[in-house]
Ligand code: B12
Ligand code: SF4
């Protein structure tokens, strides 16, 4: 039996021709969900993984599968439906899972043969048995998996076009920030995989660089931190020579021993969500760690960098507290904190989040022709109506933010400063150049986006039912 697992592309963000430039290898990230599903699949199935982000495959030339499995973030949903229609047209059953299928169940159910909601570990074997027996059901609820039962991903199955491997060591996050889907999808309980499993899986990754996809690498409580230290110790002792990057909250900076162990285990970079330049903004998104009284963000960033770990700071533009000047302010605050790179994103309501519930209730989605409009839910387009900023206004703020932070004098100043402190100057510089080039591409995309918003066909309001 043949199983074909597909990661759809979103033509607005991810149509990357990996062969086109060597640098593109650093822009595509492995679809770990599909690698995990492949790991859960019994050996009698012949499994292949198709990642459209590596380039568009020739589906006509592929051997006919007995089952197609599609994953999708919300931004990929539209393309996922095109693929589902194509394979169903050939008489091949299609099952879809992942975050969008879970949060928009009715919309997805109408377009595929079966939907798997939640984490797949507990139900995938049954789905496959049911396909073999010709009794595929419409819906399987995976819920939250038993973390000890998470099997290693099939790292051997993906192509060689990626610079980074991927691994997951924990699931869930107790913080439940208003804009984030993680607590709704993976639960508030922080679940940690057994350390020997993680170390063994790490060793099986052939890429030198690895993305640790955990949403919150070290967790929040003293027990979580103790486990993180234990993991870092075990990785360092295992002799694995990977360099890795991860996502963490700012409490990562609070424990010198943790930082030292992380660096010894191969940590070279962290993405940290600072989210807002103001305390009111942090309150609005509910990012509890960031508004601990008296936290000195600049000192926290420096402490991390002293261990040769670079810091990418993520900020949101478009919070209710943001008005004219917000973009420039974020760039200044990020410069003051001393982050190596800045990732500024538009506030975007994603289905299943508290922010979605609020904006939906207040009729604040300006792009609501679903499923087509999901293409724009990439956090790089202003899809909502913002309290103190018009669509043109918020785009101007984003442009001002990036223009300020990624101006040549600032890029060179940061490179010089990290050279002087002997802290990964080259990686920081390459990161800045890559963000600068993305920013120029985004500016072209904003012009198309604005034209589309202004088109007469958008004059009538639309609130398509998506069913949650
Ligand atoms: C790694 C990651 C990325 C990587 C993507 C790598 C890739 N190709 O998959 C990168 C950095 C590129 C990325 C980009 C984006 N991401 Co992202 N990303 C993640 C992250 C941190 C981990 C995903 C992961 O690998 N998890 C590990 C796997 C094992 O878990 P899983 O994907 O949930 O899969 C399990 C189940 O869902 C299920 N399942 C999944 N697919 C399928 C398919 C079938 C057939 C079945 C049966 C089951 C099934 O089974 C799996 C095993 O249990 C998640 C957060 C999270 N916790 O999910 C955010 C997350 C998915 N990203 C998010 C967002 C918003 C984005 C962006 C739109 C914006 C951005 N700038 O970050 C872009 C979109 C890119 C695009 N192409 O459109 C949101 C998505 C919310 C939503 N409703 O879509 C999340 C949830 C983060 C958040 N804060 O809310 N992301
Ligand atoms: S943004 Fe980060 S800290 Fe907040 S809920 Fe999501 S994963 Fe947790």
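The values are calculated or read from the model by the stated rules, or taken from the named source; none is laboratory data. Keep in mind that this is a model prediction, so the values were computed, not measured. Note that each Cβ is placed from the backbone with ideal geometry, even for glycine, and that neighbours are counted across all protein chains shown.
Key figures
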{"read-out": "Criterion (modelled with pLDDT of 95 or more and surrounded by 15 or more Cβ atoms within 10 Å (Cβ to Cβ)) met by exactly one of 234, 240, 163", "value": "234"}
{"read-out": "Test: residue 432 is assigned to a helix (DSSP H, G or I), buried (at least 16 other Cβ atoms within 10 Å of the Cβ) and at pLDDT below 95", "value": "yes"}
{"read-out": "Conditions (1) touching a helix residue (DSSP H, G or I) at 6+ places or on another chain (Cβ under 7 Å); (2) at pLDDT 95 or above; (3) more than 8 Å from ligand 1 (Cβ to nearest atom); (4) more than 28 Å from residue 224 (Cβ to Cβ); number of the one not met by residue 117", "value": "(4)"}
{"read-out": "The one condition in (1) in contact (Cβ under 8 Å) with a residue 60 or more places away in the chain; (2) more than 28 Å from residue 207 (Cβ to Cβ); (3) touching a strand residue (DSSP E or B) at 6+ places or on another chain (Cβ under 8 Å) that residue 80 fails to fulfil", "value": "(2)"}
{"read-out": "Residues within region 132-168 that are under 23 Å from the mean Cα position of the chain (by Cα), more than 12 Å from ligand 1 (Cβ to nearest atom) and closer than 15 Å to residue 95 by Cα, tallied", "value": "0"}
{"read-out": "Residue count for region 137-151, restricted to those that are under 19 Å from residue 46 (Cα atoms) and touching a strand residue (DSSP E or B) at 6+ places or on another chain (Cβ under 9 Å)", "value": "0"}
{"read-out": "Test for residue 247: is it surrounded by fewer than 18 Cβ atoms within 10 Å (Cβ to Cβ) and modelled with pLDDT of 95 or more", "value": "no"}
{"read-out": "Any hit, region 367-379, residues being surrounded by fewer than 22 Cβ atoms within 10 Å (Cβ to Cβ) and closer than 29 Å to residue 340 by Cβ", "value": "yes"}
{"read-out": "Odd one out for residue 187, checked against (1) free of Cβ contacts under 8 Å to residues at least 60 places away in the same chain; (2) away from ligand 1 (no atom under 15 Å from the Cβ)", "value": "(2)"}
{"read-out": "Within region 89-110, considering residues that are without any contact (Cβ under 8 Å) to a residue 60 or more places away in the chain and touching a helix residue (DSSP H, G or I) at 6+ places or on another chain (Cβ under 8 Å), the one nearest to ligand 2 (Cβ to nearest atom)", "value": "101"}
{"read-out": "Extreme residue, surrounded by the fewest Cβ atoms within 10 Å (Cβ to Cβ), among residues of region 169-183 that are more than 8 Å from ligand 1 (Cβ to nearest atom) and over 19 Å from residue 275 (Cα atoms)", "value": "172"}
{"read-out": "Those residues of region 262-294 which are surrounded by 15 or more Cβ atoms within 10 Å (Cβ to Cβ) and within 11 Å of residue 250 (Cβ to Cβ), in sequence order", "value": "270, 272, 273, 274, 275, 282, 287, 288, 289, 290, 291"}
{"read-out": "Residue 86 being surrounded by 20 or more Cβ atoms within 10 Å (Cβ to Cβ), farther than 21 Å from residue 43 by Cβ and either within 16 Å of ligand 2 (Cβ to nearest atom) or without any contact (Cβ under 8 Å) to a residue 60 or more places away in the chain (or both)", "value": "no"}
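Here is a yes/no grid of residues against (1) surrounded by 14 or more Cβ atoms within 10 Å (Cβ to Cβ); (2) modelled with pLDDT of 85 or more:
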| residue | (1), (2) |
| --- | --- |
| 394 | yes, yes |
| 399 | yes, yes |
| 404 | yes, yes |
| 408 | no, yes |
| 445 | yes, yes |
| 465 | no, no |
